[in-house]
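Down below is the structure, laid out as structure tokens.
Nothing in this text is a laboratory measurement; each read-out follows from the coordinates by a stated rule. Just so it is clear, the model here is predicted, and its values are computed rather than measured. FYI the Cβ positions are ideal-geometry reconstructions off the backbone, even for glycines, and counts take in every protein chain you see.
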Amino acid sequence: MILLLLVAVHPPALVMLSYTPASVTDPSTTPSIVLVGKGIVFDTGGLQIKNKPGMCGMKRDMGGAAAILSAFRVAVESNVPANRPLHAILCLAENAVTSDAMRADDILQMYSGKTVEINNTDAEGRLMLGDGVVR
């Protein structure tokens with residue numbers, strides 16, 4: 001429910017959560033565990049809109065981010081792992097037709113600084129995960 005509220009009120013977001021157990025003396029030199037999840041709240045396909053049967057169930061496209069958020073919470077509450085920092089990155093957006101929707105042939109600058117040409121406006125999940133992984 002929180003994920004739906006975040007995206008409905010805000011533009012796309014890259015949410016980063018971090019937990020460092022007390023047993024970690026120097027987080028900057030201790031290898032971290034990082035979990036990344038995709039959270040497309042509702043995926044219409046953008047301007048390359050899905051047909052009616054293809055659109056049903058697209059609210060489940062946020063399942064990756066929901067699973068990562070849940071796993072992060074359980075790990076923190078259980079103090080697992082007890083010897084490594086843990087990070088969760090949630091890539092959140094809605095892929096709907098709006099006045100500022102991506103169009104085919106648009107050039108998008110990724111978080112890493114690289115640019116990509118949009119050939120399919122329904123490929124937003126891969127683009128978002130690319131940003132999440134590079135972080």
Next item on the list: Sticking with the crude label model, points 7 Å out along Cα→Cβ, report the distance from MET58 to VAL34 in nm, one decimal please.
Entry: 2.9
Margin query: Please list 3J(HN,Hα) in residue order for the stretch 109-121, calculated via the Karplus relation 6.51 cos²θ - 1.76 cosθ + 1.60 where θ = phi - 60°; whole Hz, with x for glycine and proline.
Written below: 8, 7, 4, 6, x, 6, 10, 9, 9, 7, 9, 8, 6
Notebook entry, point to check: Taking R0 as 35 Å, what's the FRET efficiency between ASP106 and ALA67 from their Cβ-Cβ distance, rounded to 0.05?
Noted result: 0.70
Check: Considering the values [x] 51, 32, 22; [y] 43, 36, 27; [z] 58, 32, 23, which represents Cα extents along the principal axes in Å as calculated for the structure under consideration?
Finding: [x]
Next item on the list: Kindly rank 89-95, 78-84, 51-57 from highest to lowest mean number of other beta carbons found within 10 Å of each residue.
Entry: 89-95, 78-84, 51-57
Notebook entry, point to check: How large is the helix-only mean residue ellipticity at 222 nm for the chain, computed as the sum of -39500 (n - 2.57) over DSSP H runs with n ≥ 4, divided by its residue count, in deg cm²/dmol to the nearest 500?
Noted result: -8500 deg cm²/dmol
